[in-house]
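**Q** Structure incoming, see below.
The values are calculated or read from the model by the stated rules, or taken from the named source; none is laboratory data. What you see is a predicted model, and the numbers here were worked out from it, not measured in a lab. Neighbour counts run over all protein chains shown; Cβ positions are idealised from the backbone, glycine included. Only protein heavy atoms, including side chains, enter the accessible area calculation; ligands, DNA and RNA are left aside. Shrake-Rupley method; radii C 1.70, N 1.55, O 1.52, S 1.80 Å.
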Amino acid sequence: FSIPSGVLVSTGHCWASLAEDGTARIGLDDFAKKLFGRIDTIDFPNIGMNVKAGQPLFSVNQSHRRAQFHAPLSGKVVKINENLRKDCSTLEQMSYGQNWVCVIEGNNLDAELPQLKIGKSAVTFFQEDIDRFQAFVQKASGREVSDPESLFIGVIEKLDDANWETA
């Protein structure tokens, strides 16, 4: 799993990249993207929508399944990524950079930025979630999972509906 330098990661597996004007590009982090595997479509937020950190922001769809992701920052949605709306397959190469979902004009950055992870704390967070998810997969599959490689790309896609909902 990768985390580019300067990218902030939320506990809900969204990333944020700040611009000098106080806006932040928001996207799905590499951990979530790789575990989900294929993403068929994204339900984007509406431009002009005001959102608070922790509220639903966008969702990803895989066949008949839908997973919601929450805003890492509060503010107003000022832009959505039309390229990603047209073609989600670009997420296959990289979750970050040009594959942002929306742009939020932050209105509470001083209070909310310390809640996000960057650098070593982001890596530690990913490792903790790897451990948590390995335990989940072990319980769901009934077999021992001890190798990080067992968390292969698309592992969530292979789960039955009940386990997919709780992943």
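**Q** Could you grab the relative contact order for segment 17-150? Cα pairs under 8 Å, six or more apart, rounded to a whole percent.
**A** Relative contact order for segment 17-150 comes out at 25 percent.
**Q** Additional query: Could you work out the local net charge near GLY106, counting Lys and Arg as +1, Asp and Glu as -1, over the other residues with Cβ closer than 15 Å to its Cβ?
**A** -1
**Q** Tell me the accessible surface of HIS70 in square angstrom (1.4 angstrom probe, heavy atoms of protein chains only), to the nearest ten.
**A** Spelled out: HIS70, probe radius 1.4 Å, area about 70 Å².
**Q** Right, another one. In terms of solvent-accessible area of protein heavy atoms at a 1.4 angstrom probe, what is the ranking of ASP21, ASP129, highest value first?
**A** ASP21, ASP129
**Q** Among the trypsin sites (Lys or Arg not before Pro) within segment 57-146, which fall in a DSSP loop and have no more than 11 other Cβ atoms within 10 Å of their own Cβ? Please list the in-between numbers first.
**A** Values: sites: ARG65, ARG66, LYS76, LYS79, ARG85, LYS86, LYS117, LYS120, ARG132, LYS139, ARG143; in loops: ARG143.
In loop regions of segment 57-146 (DSSP not H, G, I, E or B), the sparsely surrounded trypsin sites (Lys or Arg not before Pro) are ARG143.
**Q** Sticking with this one: Using 19 Å as the cut-off for backbone N distance, which residues of segment 81-101 belong to the label zone defined by a point 7 Å from the Cα of SER2 along Cα→Cβ?
**A** Output list for this probe position: 84, 88-101.
**Q** Around SER74, which amide H atoms from residues at least 5 apart in sequence, or from another chain, sit under 5 Å from its own amide H, with H modelled in the peptide plane?
**A** Distant-sequence amide H within range of SER74: ALA53, ASN107, ASN108.
**Q** Of ILE118, MET94, GLY75, which is farthest towards the positive pole of segment 65-120's charge dipole, taken about the Cα centre with +1 and -1 on the beta-carbons of Lys, Arg and Asp, Glu respectively?
**A** MET94
**Q** Taking amide H atoms as placed 1.01 Å from N in the peptide plane, list the residues 5 or more away in sequence, or in a different chain, whose amide H sits under 5 Å from that of MET49.
**A** VAL77
**Q** For a quick check of understanding: with a 1.4 angstrom probe and all protein chains in place, what accessible area in square angstrom does MET49 have, to the nearest ten?
**A** Here the residue's solvent-accessible area equals roughly 60 Å².
**Q** Just check segment 50-144 against the gyration tensor rule for me: Cα atoms, a ≥ b ≥ c as the square roots of the eigenvalues, rounded for a/c under 1.5, and otherwise prolate or oblate depending on whether a/b exceeds b/c.
**A** Note, shape of segment 50-144 comes out oblate.
**Q** Once you charge only the Cβ atoms, +1 for Lys and Arg and -1 for Asp and Glu, what is the size of the charge dipole of segment 1-77 about its Cα centre, to the nearest 20 debye?
**A** Charge dipole of segment 1-77: 260 debye, to the nearest 20.
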